[in-house]
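The values are calculated or read from the model by the stated rules, or taken from the named source; none is laboratory data. Treat the numbers as computed from the prediction; the structure is a model and nothing was measured. Positions of Cβ are backbone-derived with ideal geometry, glycine not excepted, and every protein chain shown enters the neighbour counts. Accessible surface is based on the protein model in full, side chains and every heavy atom, while ligands, DNA and RNA are left aside. Shrake-Rupley method; radii C 1.70, N 1.55, O 1.52, S 1.80 Å.
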Amino acid sequence: MRPLSLLEAAASVAVLGSVLAVGIPAFLRNLHASRLVEPMNGLAQIARSAAALAASQPEQPSYPESVALTPSAVPAGVASKDPAGAWEQPTWRSLQFGFTTAHRYAFEFDSEQRTRGARYKASSHGDLDGDGQLSDFSIQGEVRSGKAPLTFPLEMHREIE
């Protein structure tokens, strides 16, 4: 086997550099996007379940009671598994929501019952790199007597902190 000439070596380095210049940013975008799946899918599940619960009682619509941040501490930089029973609170059960595997976000549900309807805000918070800065996601909904439940668009703040 003969050694590479200077021109062949330079061409090889140029091709490798080009591949890395395209590949690394794409890899990082996909990595960041994969970390957004958990809060977006989680909040979408909560919104679907909340809307279904409100629609099932059209004359006096309501959402489940508020529930504090679960788990109570936002996972910091690593996926964590919750202690047994963390998601057994009645609100999470009625929303059919919870985790049995390790996850990176904590979730909360805040509801307000009104005379002729109800509102809710579901939020998720994550500290993906453990620096104390949180990624925040939320979704809100409301329902009025005799009307179909409304779900508002997902809001993001520092989605990749």
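Tabulated results
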{"read-out": "Residue list for segment 118-144, filter: in contact (Cβ under 8 Å) with a residue 24 or more places away in the chain, farther than 19 Å from TRP92 by Cβ and either open to solvent by less than 30 Å² (accessible area, probe 1.4 Å) or part of a strand (DSSP E or B) (or both)", "value": "ASP127, LEU128, SER135, GLU142, VAL143, ARG144"}
{"read-out": "Candidate set from segment 94-117 (those that are within 22 Å of ALA55 (Cα to Cα) and part of a strand (DSSP E or B)); member that is nearest to the chain's Cα centre (by Cα)", "value": "GLU108"}
{"read-out": "Segment 77-106 residues that are under 18 Å from GLY130 (Cα atoms), paired with ones that are in a loop (DSSP other than H, G, I, E, B) and polar (S, T, N, Q) (beta carbon under 8 Å, 6 or more apart)", "value": "LYS81/THR101; ALA106/SER72"}
{"read-out": "Restricting segment 67-117 to residues that are closer than 20 Å to PHE137 by Cα and polar (S, T, N, Q), the residue that is most open to solvent (accessible area, probe 1.4 Å)", "value": "GLN96"}
{"read-out": "Condition met for GLY23 (over 15 Å from the mean Cα position of the chain (by Cα), open to solvent by less than 70 Å² (accessible area, probe 1.4 Å) and at positive phi)", "value": "no"}
{"read-out": "Subset of segment 85-117 [more than 15 Å from GLY42 (Cα to Cα), in contact with a Gly (Cβ under 9 Å, 6 or more places away or on another chain) and among the small types (Gly, Ala, Ser)]", "value": "ALA86"}
{"read-out": "Residue within segment 40-50 that is open to solvent by 60 Å² or more (accessible area, probe 1.4 Å), within 30 Å of GLN113 (Cα to Cα) and of a type outside the set (D, E, K, R) present", "value": "yes"}
